[in-house]
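A quick write-up on the structure given underneath.
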There are 2 protein chains.
Amino acid sequence: MSQLVALSALSRCGSRLALSNAGGAAACRPYSGARRLTGGFYKPFLLGSAALVGATVAGFGLSRSRAVLAAKSVRTPAERDQRELNEILQKCKHFMSDPVTDINKLLENKDDMRTKMELLVMDVQADVCKALAEVDGGQTFKVDRWHRKEGGGGISCVLQDGKVFEKAGVNVSVVFGNLSEEATKQMRSRGKSLKSKDGKLPFCAMGVSSVIHPKNPHIPTIHFNYRYFEIEEADGHKSWWFGGGTDLTPTYLNKDDAIHFHKTLKEACDKHDQSYYPTFKKWCDDYFTIKHRGERRGVGGIFFDDLDSPSAEGLFGFVQSCAKAVVPCYIPIVKKHLHDSYTPEEKAWQQLRRGRYVEFNLVYDRGTKFGLATPGSRIESILMSLPLTARWEYMHDPAKGTKEAEIIEVLKNPKDWVH
Amino acid sequence: MSQLVALSALSRCGSRLALSNAGGAAACRPYSGARRLTGGFYKPFLLGSAALVGATVAGFGLSRSRAVLAAKSVRTPAERDQRELNEILQKCKHFMSDPVTDINKLLENKDDMRTKMELLVMDVQADVCKALAEVDGGQTFKVDRWHRKEGGGGISCVLQDGKVFEKAGVNVSVVFGNLSEEATKQMRSRGKSLKSKDGKLPFCAMGVSSVIHPKNPHIPTIHFNYRYFEIEEADGHKSWWFGGGTDLTPTYLNKDDAIHFHKTLKEACDKHDQSYYPTFKKWCDDYFTIKHRGERRGVGGIFFDDLDSPSAEGLFGFVQSCAKAVVPCYIPIVKKHLHDSYTPEEKAWQQLRRGRYVEFNLVYDRGTKFGLATPGSRIESILMSLPLTARWEYMHDPAKGTKEAEIIEVLKNPKDWVH
């Protein structure tokens, strides 16, 4: 039945195909109620072939009676499908670039977790970049699409040397292929028993990853990363998991900022499971530890990895809430301190803390290590997390009672910020 | 016989024990020809107890006829022993600090490789620090002794923010205890099959390690490290090996500097084995590779590790020659460029290269990784190798034909500098 509807819709639509874009791409305008969902906005890349035009627009040509039904939210499965396709296309217009995966492939596989996650990370990248660029008011984001010859690619957005931000990178990557030996070893060291076939382990990894280093030492650095991983083992079994987190690294402690940050994250977590925030807050403190210094990297946030229960759908919803919380977590803090004055000594202390950031990222960060160990990775995108400038002084030890000693104390003994 | 001499000398010397130091330590002044070797310079720490006074001075009280024999280099074994002890004591006065190991223990075990190596690394530390401080003419070296509660310790000498040097660190460490699990894993990954007893692997590691970062971008950074390692396995078998190397990291290529540097190293190697220089030059190029960048860290030098044949004595001699070549390798290059002028752009390029240095040291350097993985290590000494300041710019790519592109070309394709 749904197929019939699609075919008949295609046939009707076919007779009304019209060139509606300056770029010359064809868009099929429906007759009636479904119009608001399509609106003729397609970008050229969306309609690569006649067959796909059909697939894309199938179901747009609804009869009046069906349109009325749709308006009453009593839709056929085909109508629901179409509504989802339209929503995807709408979303794409907001992105910083076309998705990494061909849009038609995404539409064809719209119910796959891979597709949902790719669209989410593209969406979050756009949200964050737009919010940051607006606050910066100076530089804009440089957008680079890159391809990985072993499979996949990414979109790196970097704003460097802006008015407010020293370096802000928001990176999406969607890579697939076979795990390298080194990466497999890293996976195994995390307790994953992976059965490879002829030494090969096909994988697919995607995520959004970002580090924002502001110029003003009173505006903290933020990092977030949300990712989804699939591995196919020798017996065909597919393992998958989600990972992610958002954490804040101030140069100086501002308790109100830390509380706002943690409360916003807690709200995002609590919608899904009351145990998430406390568990992932602790995980964050544990994970972002510069072991050799006995210090956390910052005032924490949330961190989780290898999440594969209760369900992929449930976890996707959770990851979505967290990722969408990045802007409300951070932007108010940035705006609050935008005009704070600072001394050269405060700037110098920021530079030393940047050095610690580099230490964590290069020595401990799993994402960086996985990236550096994955042949064909785009190094510039992985290492965009490093600050523009950093400093290491031998035996620098802040005097007791100073603001510098205050933050070190919190880095050595993490606090509970929400109770 | 030698024991008799020692006893009679001790008895005679004992009657002449005199307080000769402001610190109140007793030094036994010999009668005659051996005087030039002892000269009453003992530091207080050398003579911790009456018994050790005896051990230390045994044999000093030579008769005139024996002194004449000594002058003719016809010495008894006891005399040779004594001469060696005296030489050790003389050497110690030149050091930046007392050795890590108690001097009396060193004297008692003067023929052990551990002792020889500790004295060598202390000696090299002093040579290099003095040469650098003289060139700098501004700052002096801050000398820190540190102890490791698990066993051993070290002496860190750091000159920071000098006239010529941004940061110059020359570190000696002598550590022992049981290998950590992480360090054992690292050893095994290097192909060492180590049989532990109840999971324990007693080890002793000592070495001198140094990185010198000058301010002027026309003076290259140098690194050297010479080390000796012993591990005792479950069956009592003692494995040992030497490692080390010296390598140069210029910001801009200066061919004459690279040739001078390599030739000096080659001469030190050729004295021992003609195959050493070509083998260890290649090993250096391979080892100091920033894999994720496809670049070497600098113009190379020599590097070797796990050397355990043909003999410990032979290898010690080789290591000694290399370590003693550091000053003639490097100081002439520093002096040559001392007054070279430079632009802000050249300084900025230096900062980007410093960033690469940090990447190598934190991601790949075995010494750093071993240090960070060894509980109780002194982090400030391990990470003193990091530059005072570094920079990371997203997608920085020097234009063709520039001096910046010239050095990158050499880093991507190492050259033969001596033929």
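Just so you know, all these numbers are worked out from the coordinates, no wet-lab data involved. Values in this document were obtained by computation on a predicted structure and should not be read as measured data. As a convention, Cβ positions derive from the backbone with ideal geometry for all residues, glycine included, and neighbour counts pool all protein chains shown.
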Mean per-residue count of partner chain Cβ within 10 Å for B:390-401 equals 5
For a footprinting-style exposure proxy, rank A:Asp144, B:Asp247, A:Asp340 by other Cβ within 10 Å, fewest first.
-> A:Asp340, A:Asp144, B:Asp247
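Treat the count of other C-beta atoms within 10 Å as a stand-in for reagent exposure and order A:Ile212, A:Ile407 from fewest to most.
In order of increasing Cβ crowding within 10 Å: A:Ile407, A:Ile212.
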Can you bin the range B:189-307 into rounded, prolate or oblate? Criterion: square roots of the alpha carbon gyration tensor eigenvalues sorted a ≥ b ≥ c, rounded for a/c under 1.5, prolate for a/b above b/c, oblate for the rest.
-> prolate
Run down the lysines and flag those whose C-alpha is under 26 Å from the C-alpha of A:Lys195, throwing out any fewer than 8 positions away in its chain.
-> A:Lys149, A:Lys185, A:Lys238, A:Lys369, B:Lys185
Classify the range B:108-412: rounded, prolate or oblate, from the alpha-carbon gyration tensor (a ≥ b ≥ c, eigenvalue square roots; a/c under 1.5 rounded; otherwise prolate if a/b is larger than b/c)?
-> prolate
Copy-to-copy label separations for B:Ala399, where each label sits 7 Å from Cα toward Cβ, in nm and ascending = 4.9
Based solely on C-alpha atoms, express the radius of gyration and the Dmax of the range B:88-240 in angstrom.
-> 17.5, 54
Excluding residues on the same chain fewer than 8 positions from A:Lys336, give the lysines whose Cα lies under 23 Å from its Cα.
-> A:Lys130, A:Lys163, A:Lys167, A:Lys215, A:Lys255, A:Lys263, A:Lys266, A:Lys324, A:Lys347, A:Lys403, A:Lys415
Proxy exposure order for A:Ser381, A:Ser311 (fewest C-beta within 10 Å first) is A:Ser311, A:Ser381
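Which order do the peptides A:216-224, A:191-199, A:131-139 take when ranked by the mean count of other beta-carbon atoms within 10 Å per residue, highest first? Walk me through the intermediate numbers first.
Details: A:216-224: 24.4, A:191-199: 10.9, A:131-139: 16.7.
The most tightly packed comes first, giving A:216-224, A:131-139, A:191-199.
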Using the charge dipole of the range B:108-412 (Lys, Arg: +1 at Cβ; Asp, Glu: -1 at Cβ; taken about the Cα centre), state which of B:His213, B:Ala325, B:His262 has its Cα farthest towards the positive end.
-> B:His213
Candidate aspartates and glutamates for bridging to B:Lys291, where Cα separation is under 14 Å - those fewer than 8 sequence places away on the same chain excluded = A:Glu182, A:Glu380, B:Glu359, B:Asp365
At B:His419, label 7 Å along Cα→Cβ: distances to the other copies, nm, ascending?
-> 7.0
Copies of B:Lys271 compared via label points 7 Å along Cα→Cβ give distances in nm, shortest first, of 7.2
About its Cα centre, what dipole magnitude does the range B:108-412 give when the only charges are +1 on Lys and Arg Cβ and -1 on Asp and Glu Cβ, stated in debye to the nearest 20?
-> 380
Between beta-carbons, use under 15 Å as the cut-off and find the net charge around A:Lys271, counting Lys and Arg +1, Asp and Glu -1.
-> -1
Quotient of C-alpha Rg and 2.2 N^0.38 Å, computed over the range B:238-369 | 1.14
About its Cα centre, how strong a charge dipole does the range A:270-398 have in debye, to the nearest 20, once Lys and Arg get +1 and Asp and Glu get -1 at the Cβ?
-> 280
Of all the residues in chain B, which one has the C-beta that comes nearest the axis relating B to A, and what is the distance in Å?
-> B:Leu362, 2
